[in-house]
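Colleague: Here it is, the structure, as structure tokens.
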Amino acid sequence: MLTKRDNFLETIHGGNPDRFVNQYEFFTMLFGDPIMRQYPMARPGGGPVKNGWGVTINWPEGLPGQFPVHDYEHRVIKDIEHWKDTVKHPNLDIPESAWEDYEAAAKAVDRREQFCACAIFPGVFEQVHYLMSIDEALLAFYTNPDEMHELIDYITDYELKLAELLVKHGHPDAVFHHDDWGSHNSSFMSPEMFNEFIVPAYKKIYGYYKEHGCEIVIHHSDSYAANLVPAMIEMGIDVFQGCVTTNNVPELVKKYGGQISFMGDINNGVVDVRDWTPELVEREVRRACETNGKHYFIPCLTAGGPGSTYPGVYECATEMINKMSREMF
């Protein structure tokens, strides 16, 4: 029986996997680096907090994740032409001793069995709209392209400095990076605009990680992004995690398999619901496995991490994926 790591590699390289890669099993995420720990973290129902970028974040009880607060009072950028007056990235001047727990967590990962992945969120595009609201951000790409290029360069420079620290102290061999690029029905920007503003940033970021020991880049965007897959390949992404069903994942596997792999196609919005049942989860898992096949596809809930909003859904999906492995392999 292959290790989880080797089974993953066989799957994304079109080799001889002996079962489906089961959701997030092939890597361990490194959380809690001391850069993040300097600032309060939003908790479900815990009320708003201000993060290291000065963004006010809230996580209402019962919702699947945290959200920036974007009334005018709380926006960090109120005028894109003067963004430099209000935007300051988190402090990166951290004493070496503060990294001890992070280093210990990285050393504890059995890298014969799993990849050790640094976890980065939010991403470049999300950071832009966290600072100014998504409607203002999308407008500014048209009205103030020069300022948006400058802001993205600033965020990218911060990510590269952060990457240097994470590589030095965690020696990751994979990176798991969040950045949602669309709704369930369309990307937030055209491929042409995406190529102009976002692709150059990620070529630098993912290029750095790959040059410094990260074999695999997993990018999370639980959205429609089928029109951005060629850009993902250019960026160096190995796995598009979060691909919801509106992407027509079987068609993506057929068209791009071998250049990039797809992880998802089991929508949280369908199965991770209050009245979920094992029968519902099994139906969606079976559809995903049977229509996508054994190569270049990892059946997984589309959310950006192991777990579910409603208790038991993630574990049920894991069980059903194992069942499909017994049937199809």
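The values are calculated or read from the model by the stated rules, or taken from the named source; none is laboratory data. The structure presented is a predicted model; accordingly, all values stated were derived computationally and were not measured. Neighbour counts are summed over all protein chains in view; Cβ atoms, including those assigned to glycine, are modelled from backbone coordinates with ideal geometry. Calculation scope for accessible area: heavy atoms of the full protein, side chains included, ligands and nucleic acids excluded. Shrake-Rupley method; radii C 1.70, N 1.55, O 1.52, S 1.80 Å.
Rundown of residues vs (1) part of a strand (DSSP E or B); (2) more than 19 Å from the chain's Cα centre (by Cα); (3) surrounded by 22 or more Cβ atoms within 10 Å (Cβ to Cβ), yes/no style:
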{"position": "241", "(1), (2), (3)": "yes, no, yes"}
{"position": "275", "(1), (2), (3)": "no, yes, no"}
{"position": "291", "(1), (2), (3)": "no, yes, no"}
{"position": "299", "(1), (2), (3)": "yes, no, yes"}
{"position": "305", "(1), (2), (3)": "no, no, no"}
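Colleague: Out of curiosity, is residue 110 open to solvent by 40 Å² or more (accessible area, probe 1.4 Å), closer than 30 Å to residue 5 by Cα and outside any helix (DSSP H, G or I)? Reasoning before the result, please.
Modeller: Numbers: open to solvent by 40 Å² or more (accessible area, probe 1.4 Å): yes; closer than 30 Å to residue 5 by Cα: yes; outside any helix (DSSP H, G or I): yes.
Against the criterion (open to solvent by 40 Å² or more (accessible area, probe 1.4 Å), closer than 30 Å to residue 5 by Cα and outside any helix (DSSP H, G or I)), residue 110 qualifies.
Colleague: If a residue has to be open to solvent by 60 Å² or more (accessible area, probe 1.4 Å), at pLDDT below 95 and assigned to a loop (DSSP other than H, G, I, E, B) to count, how many in segment 2-45 make the cut?
Modeller: 7
Colleague: Out of 302, 309, I need the residue that is more than 18 Å from residue 250 (Cα to Cα) and either in contact with an Asp or Glu (Cβ under 6 Å, 6 or more places away or on another chain) or at pLDDT below 95 (or both). Which one?
Modeller: Numbers: 302 fails: more than 18 Å from residue 250 (Cα to Cα).
From the options 302, 309, the qualifying one is 309.
Colleague: Just checking, which of 291, 277, 246 is free of Cβ contacts under 8 Å to residues at least 40 places away in the same chain and among the hydroxyl-bearing types (Ser, Thr, Tyr)?
Modeller: On the way: 291 fails: free of Cβ contacts under 8 Å to residues at least 40 places away in the same chain; 246 fails: free of Cβ contacts under 8 Å to residues at least 40 places away in the same chain.
Step by step, each of 291, 277, 246 is checked, and only 277 is free of Cβ contacts under 8 Å to residues at least 40 places away in the same chain and among the hydroxyl-bearing types (Ser, Thr, Tyr).
Colleague: Just to be sure I understand the filter: pairs with C-beta atoms under 7 Å, separated by 6 or more residues or on different chains, first member in segment 24-46 and free of Cβ contacts under 8 Å to residues at least 24 places away in the same chain and within 27 Å of residue 264 (Cα to Cα), second member open to solvent by 60 Å² or more (accessible area, probe 1.4 Å) and not aromatic (Phe, Trp, Tyr). Which pairs pass?
Modeller: 44/61
Colleague: Run residue 226 past the list (1) among the hydrophobic types (A, V, I, L, M, F, W, C); (2) buried (at least 17 other Cβ atoms within 10 Å of the Cβ); (3) more than 21 Å from the chain's Cα centre (by Cα) and report the number of the one that doesn't hold.
Modeller: Evaluating residue 226 over (1) among the hydrophobic types (A, V, I, L, M, F, W, C); (2) buried (at least 17 other Cβ atoms within 10 Å of the Cβ); (3) more than 21 Å from the chain's Cα centre (by Cα) leaves (3) as the failure.
Colleague: Can you list residue pairs whose Cβ atoms sit under 8 Å apart, with the first residue in segment 180-199 being within 15 Å of residue 219 (Cβ to Cβ) and the second being acidic (Asp, Glu)? Count only pairs 6 or more apart in sequence or on different chains.
Modeller: If the second residue must be acidic (Asp, Glu), the pairs left are 180/126; 180/222; 199/234.
Colleague: While we're looking at this one, here's another question. Could you look through segment 113-128, keep only residues that are at pLDDT 95 or above and more than 20 Å from residue 210 (Cβ to Cβ), and pick out the one that is surrounded by the fewest Cβ atoms within 10 Å (Cβ to Cβ)?
Modeller: 113
Colleague: Can I ask one more? Looking at (1) surrounded by 13 or more Cβ atoms within 10 Å (Cβ to Cβ); (2) at pLDDT below 95; (3) in a helix (DSSP H, G or I), can you tell me which one residue 73 breaks?
Modeller: Here residue 73 meets the rest and fails (1).
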